[in-house]
Amino acid sequence: MGRITPLLTNRKVLDITYQTPQETLLGTPETLPTAEPATPQIGYTVAQDDLPAFSITPYQKKFIAILIGAGKTVTAATIYYRMKKNGASVTTASGGISANTFYTWNCYFYNVAVGDVLELALWSNQTDSNWDYKAYQIQVSRLILLNKPRLLLPCNFAAVALHPILTLGNPYVYITGSLYPNHTDYNLPRISDATSYEALYPKDTYGIYHTNYGDEGYANSSVLKSSTTYRPYYCRNYVPTQIIMRGVRID
């Protein structure tokens, strides 16, 4: 008996458009308190318009929020931070910064949703430290493109881009994280350019790929960088902006 439905779906093209990061550079830096502030200096509420836009709706996905807070020390200082999600502490840490040096906390909230309130509180053990820069962007990870069929044959990461791209405050990229494609929840070799695979089968945990900063590493955590020149001194991810595939009907 012949098969009634085609073995392969029609060719599908998923375009992913990332929103421009929200950035603020204060005209006058604000002095950091010497104890944790009751109200964090930096806060964003995740809105629908903050999310990447998809030309076709993926079956499953996870969103990562990138929050960046930066400033400068005068005296050598220990700069503290706390990440909060919906009023609850996510994590806290500190790092030593030399005198007359810019610091940048790169913070990553894993698995956020519209309506979540994300905050970053900053303080110092010195009275002459400040902050004056903040930024925010949402990225997507752990995509499952189709439910049935799951098997993609082929799967082409047709376009890959770097995000976030920051413009205020003399920014400089410290490091860029590669993209982690997945096949049956196993990492394939990391990529940083357009790459095609003969077949991918995304499972429930990692989907078709996951990002470096905010998922593979530093999920609900942070990276502290310092520089005498650059603020923000930040990290970027390679992320796919176009995926071309066909689904294979195996049921």
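Key figures for this structure:
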read-out: Verdict on G95 being surrounded by fewer than 19 Cβ atoms within 10 Å (Cβ to Cβ), part of a strand (DSSP E or B) and touching a residue at least 24 places away in the same chain (Cβ under 8 Å); value: yes
read-out: Single condition T57 does not satisfy, out of (1) free of Cβ contacts under 8 Å to residues at least 12 places away in the same chain; (2) in a strand (DSSP E or B); (3) more than 17 Å from S222 (Cα to Cα); value: (2)
read-out: Some residue of the range 152-160 being β-branched (V, I, T), modelled with pLDDT of 95 or more and within 30 Å of E30 (Cβ to Cβ); value: no
read-out: Flag for V173 being crowded, with 17+ Cβ neighbours inside 10 Å and assigned to a strand (DSSP E or B); value: no
read-out: Tally of residues being farther than 13 Å from N220 by Cα and touching a Ser or Thr at 6+ places or on another chain (Cβ under 8 Å) across the range 98-113; value: 7
read-out: Set Y201, Y206: member being out of contact with any Phe, Trp or Tyr (no Cβ under 6 Å at 6 or more places or on another chain) and surrounded by fewer than 20 Cβ atoms within 10 Å (Cβ to Cβ); value: Y201
read-out: Residue tally, condition surrounded by fewer than 15 Cβ atoms within 10 Å (Cβ to Cβ) and touching a Leu at 6+ places or on another chain (Cβ under 6 Å), over the range 155-167; value: 0
read-out: Every pair of residues 6+ apart whose Cβ atoms lie under 7 Å, when the first sits in the range 156-173 and is in contact (Cβ under 8 Å) with a residue 24 or more places away in the chain and within 19 Å of D15 (Cα to Cα) while the second is aromatic (F, W, Y) and assigned to a strand (DSSP E or B); value: V160/Y238; L162/Y238
read-out: Condition check for L179: more than 30 Å from L7 (Cβ to Cβ) and either at pLDDT below 95 or touching a Lys or Arg at 6+ places or on another chain (Cβ under 9 Å) (or both); value: no
read-out: Meets criteria (at pLDDT 95 or above and under 30 Å from R82 (Cβ atoms)) for S226; value: yes
read-out: Residue match in the range 231-246 (condition: surrounded by 15 or more Cβ atoms within 10 Å (Cβ to Cβ), part of a strand (DSSP E or B) and modelled with pLDDT under 95); value: yes
read-out: Residues (farther than 19 Å from P21 by Cβ, within 15 Å of the chain's Cα centre (by Cα) and assigned to a strand (DSSP E or B)) located in the range 105-153; value: R142, L143
read-out: Neighbours by Cβ (under 7 Å, 6+ apart or cross-chain): first from the range 31-51, under 19 Å from G87 (Cβ atoms); second in a loop (DSSP other than H, G, I, E, B) and charged (D, E, K, R); value: V46/D116
read-out: Filter result for the condition that a residue is closer than 23 Å to V173 by Cα and either of a type in the set (S, T, Y) or assigned to a loop (DSSP other than H, G, I, E, B) (or both), over T20, T34, T28, T75; value: T20
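The values are calculated or read from the model by the stated rules, or taken from the named source; none is laboratory data. Worth saying up front: this structure is predicted, and the values here are computed from it rather than measured. Please note: Cβ atoms are built from the backbone with ideal geometry, for glycine as well, and neighbour counts cover all protein chains shown.
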